[in-house]
1. Looking at the range 66-76, which of its residues are surrounded by fewer than 20 Cβ atoms within 10 Å (Cβ to Cβ), within 22 Å of GLY100 (Cα to Cα) and of a type outside the set (Ser, Thr, Tyr)?
2. Looking only at the range 82-122, which residues are over 15 Å from PHE67 (Cα atoms) and among the small types (Gly, Ala, Ser)?
3. If I filter the range 45-60 for residues that are over 12 Å from the mean Cα position of the chain (by Cα) and touching a residue at least 40 places away in the same chain (Cβ under 8 Å), do I get at least one hit?
4. List the number of the failed condition for GLN114; all other conditions in (1) out of contact with any strand residue (DSSP E or B) (no Cβ under 6 Å at 6 or more places or on another chain); (2) open to solvent by 50 Å² or more (accessible area, probe 1.4 Å); (3) within 22 Å of VAL2 (Cβ to Cβ); (4) free of Cβ contacts under 8 Å to residues at least 60 places away in the same chain hold.
5. Hey, can you tell me all the residues within the range 15-65 that are open to solvent by 40 Å² or more (accessible area, probe 1.4 Å) and aliphatic (A, V, I, L, M)?
6. Among what's in the range 90-104 and is more than 13 Å from the chain's Cα centre (by Cα) and of a type outside the set (Val, Ile, Thr), pick the residue that is most open to solvent (accessible area, probe 1.4 Å).
Amino acid sequence: QVQLVESGGGLVQAGGSLRLSCAASGRTFSTYNMGWFRQAPGKEREFVAAIDWIGGTYYADSVKGRFIVSRANAKNTVYLQLNSLKPDDTCVFYCAATKGGDIRKPGTYDYWGQGTRVTVSS
């Protein structure tokens, strides 16, 4: 069982930055692929970024060049650096963990955090 807790969301002006963190419980964090997803009101949850257990990174086209995913296995934590934020980035961000499967699909993930809200003002 893995428990995930996100933090770091908040209100920021367009063009600003935030760093989201996702702290995981358990001793086997380093063996999980970790993903970040987001969901805006009335929309489906969509893939944002992911980092696999060996450090490979994956990004949605909409965030490539603006967001950076990283992990610190010694801290059981995965990060998502959000740069050049736009009002369209306003949503709830979720982190998730999986042992395998398509890293871009929400259905692949076994464990989810409760989400952290990001609001970008224009």
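1. Matches in the range 66-76: ILE68, ALA72, ASN73, ALA74, LYS75, ASN76.
2. ALA96, ALA97, GLY100, GLY101, GLY107, GLY113, GLY115, SER121, SER122
3. yes
4. The number of the failed condition is (4).
5. ALA23, ILE54
6. Of everything passing the filter in the range 90-104, LYS99 is most open to solvent (accessible area, probe 1.4 Å).
The values are calculated or read from the model by the stated rules, or taken from the named source; none is laboratory data. From a predicted model like this one, the values you see are computed outputs, not experimental measurements. Cβ atoms come from the backbone with ideal geometry, glycine included; neighbour counts cover every protein chain shown. For accessibility, only protein heavy atoms count, side chains too; no ligands or nucleic acids. Shrake-Rupley method; radii C 1.70, N 1.55, O 1.52, S 1.80 Å.
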